[in-house]
Structure formats: structure tokens, C-alpha cells
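So the structure is just underneath, and the comments pick up after that.
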Amino acid sequence: MKKNVIVVDDEPIIRLDLHQMLEELGYEVIGEASDGFDAVELCRSRHPDIVLLDLEMPVFSGMSAAETILTENLADCVVICTAFADEEFLTQAGQAGVSGYLVKPIEQRMLRPTLEVAYAQSMRLAESDRAAAESERRWKESRLVERAKGQLAQDRRISEAQAYREMQQMAMGKRTTIAIIAQAVLDQSSQHDAVGRAKARLMREKRLSEDAAYKLLAQSARQRGTPIQEEAKRILAGGTLK
């Protein structure tokens, strides 16, 4: 399958030369831009495999455009075209996430190997990032499940092993993940905790029994037309009863 490319250069003759060379090499040129701003907008609408980007351009420099394109994930790979490549440039390009560069004047024999190596490198980095993100997601879910397991065990006065089995059964019954069930358990516990703390405040401040404090809280919630959990949070935040 052909890789598609967007060519960006403020010189029309250079864009034309690159367009022709790329098509001769089997790439599909899906757009051209004459400055960095248009390059970013074009990438937003087309999401190319590769952007071949001149470094010195009006409006946005090539480096600024590259940073935006890569930060917003608007293209799979960015290759910079430049008349020079000093250490400062290489460092900045690497920090921006640029996968490769070509030194002008660009020779056709250098175009394919540079683009292919840059694209392969970009794909490897993207896969590494996906693996890292997946690992972090699983770690966060594991922490979430552990917290919910402990909270459910405490609330229900059961073992953590039994709490975990109950969450598993709920997840299977509702055809969802145990992480979603875990979040629901923690949310419910937080709501109950808010009601309990609001009730305790009313008992202390108004010298009420536990039952009377709960009835007063429930009555205020009904009059405001809000759930008792939300009314409890409002009271804890310094609100007054209806």
C-alpha cells in the first residue's frame, strides 16, 4: 500500500520537484502547503503518513509546525528538509519528535531510504508509546481494584477475597470490566461517607439523634430536589439546610 505524503515548502519549484520525485518513487502526494500554518491545517484534515517539511518558512517555521503536528498526532511521521544540520538543530529536532531530515538540495536517491527509515522509526516509537500507555492503564486499574476491594470488604465486613469475588460476579453479570465496577464501588462508598459525615455534623451542631439528623438531611434534599448525597456534600461545604 502506498504511503501518502504532504509536501511543505515556501518555494513552488521545490514543491513541484519533490512532488514529482515522490510520485516516481511510488508515494502518493495528498497535499502541498507553502507555510507552517497551512501545513498544520492540512495535516488536521488529511492525517498523512509522512510530512516532508521545509525548515525555513513564513508564518510558522518548519520546527514549530513539526512540534504542533507531532504533539497533536496529526501525522505518523515528520521529516525536515534543511540547508544545514548542526548539533543545535539535531537536538531540537529530536526533542520535537522529528524522525529524520534531508539536507538540501535533495537528491532523489536519498529520498526513499530517508523516508522509509524515518517512518519505520516513527512506527517503533508509536508502538513503544502504546505499550507504555497500556502498562500504565493496567497499573492504574489494578490500584483501583485493590482500593475498591478493601473498601467493599470494610463496608460489608467480609474478607477482601470475598469482596473481589463479588466484584468479579458483578462485572460478569453486567458484562463490563471489573475496573468499572471498582470505580462504582468507590463512588458509592464516597457518597455514603459524605452522608455519614454530614449527618454527624448535624448531630453535633444541632444536638440531634442519628435518626433525626438523617431525617433532617433527607427532608432538605427533597425540598431542594437533589439526591441526599449531593445535599450532604453541600452541607459539608458550608451550605445551610433548606
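The values are calculated or read from the model by the stated rules, or taken from the named source; none is laboratory data. This one's a predicted model, so the numbers in the text were calculated from it and none came from an experiment. Cβ atoms come from the backbone with ideal geometry, glycine included; neighbour counts cover every protein chain shown. Side chains are part of the model used for accessible areas, which takes the heavy atoms of the whole protein and leaves out ligands, DNA and RNA. Shrake-Rupley method; radii C 1.70, N 1.55, O 1.52, S 1.80 Å.
This model, with +1 at the C-beta of Lys and Arg and -1 at the C-beta of Asp and Glu, gives segment 96-146 a dipole about its Cα centre of some 140 debye. Here the gap between Arg143 and Gln20, fully extended at 0.36 nm per residue and compared with their Cα-Cα distance, gives a gain of 38.8 nm.
What residues of segment 189-206 lie in the reach of a label at Lys215, counting those whose backbone N is under 19 Å from a point 7 Å from the Cα along Cα→Cβ? Taking a point 7 Å out along Cα→Cβ of Lys215, the residues of segment 189-206 whose backbone N falls under 19 Å are 196, 198-206. The mean sequence distance of close C-alpha pairs (under 8 Å, at least 6 residues apart), as a share of the length of segment 117-204, puts its relative contact order at 26 percent. Counting only helical runs of four or more DSSP H residues, what would the 222 nm mean residue ellipticity of the chain come to if each run contributes -39,500 (n - 2.57) and the total is spread over all its residues? It comes out at -22500 deg cm²/dmol, rounded to the nearest 500. Full extension of the chain segment joining Ser61 with Lys2 gains 18.4 nm, where the gain is 0.36 nm per residue of separation less the Cα-Cα distance.
Using the beta-carbon distance between Arg46 and Gln162 and R0 = 35 Å, what value does 1/(1 + (r/R0)^6) give for FRET efficiency, to the nearest 0.05? Here the calculated transfer efficiency is 0.05. Normalising by the residue count of segment 68-156, find the relative contact order in percent from Cα pairs under 8 Å and 6+ residues apart. Relative contact order for segment 68-156 comes out at 25 percent.
Computed from the C-beta positions of Leu236 and Thr71, the FRET efficiency with R₀ = 35 Å rounds to 0.30. Within the accessible surface of the chain, defined with a 1.4 Å probe on protein heavy atoms only, the carbon and sulfur portion equals 49 percent. Dipole size of the chain about its Cα centre, with +1 on Lys/Arg Cβ and -1 on Asp/Glu Cβ: approximately 3140 debye, rounded to the nearest 20. Of all lysines in the structure, the ones whose alpha carbon falls short of 25 Å from that of Lys3, not counting any fewer than 8 places away in one chain, are Lys104.
With contacts defined as alpha carbon pairs under 8 Å and 6 or more residues apart, what's the relative contact order of the chain in percent? For the chain, the relative contact order is 11 percent. Normalised per residue, the accessible area of segment 1-121 is 49 Å², obtained with a 1.4 Å probe and no contribution from ligands, DNA or RNA. Here's the picture: charge each Lys and Arg Cβ at +1 and each Asp and Glu Cβ at -1 in segment 95-242, and of Ala153, Thr114, Leu125 the one pushed furthest to the positive end of that dipole is Ala153. Distances between placed amide hydrogens fall under 5 Å for Lys3 paired with Glu28, all partners being 5 or more residues away or on another chain.
The listed peptides 20-27, 156-163, ordered by packing as a protection proxy, come out as 20-27, 156-163 (highest mean of other Cβ atoms within 10 Å first). Computed from point charges on the beta carbon alone (+1 for Lys and Arg, -1 for Asp and Glu), the dipole magnitude for segment 1-49 about its Cα centre is near 300 Debye. Model label points for Arg204 and Leu90, set 7 angstrom from Cα along the Cα-to-Cβ axis, are 6.5 nm apart.
Peptides 49-57, 87-95 ordered by packing proxy, namely the average of other Cβ atoms within 10 Å per residue, highest first: 49-57, 87-95. Spin-label pair Asp155-Gln108: with each label point 7 Å from Cα along the Cα-Cβ axis, the two points sit 7.0 nm from one another.
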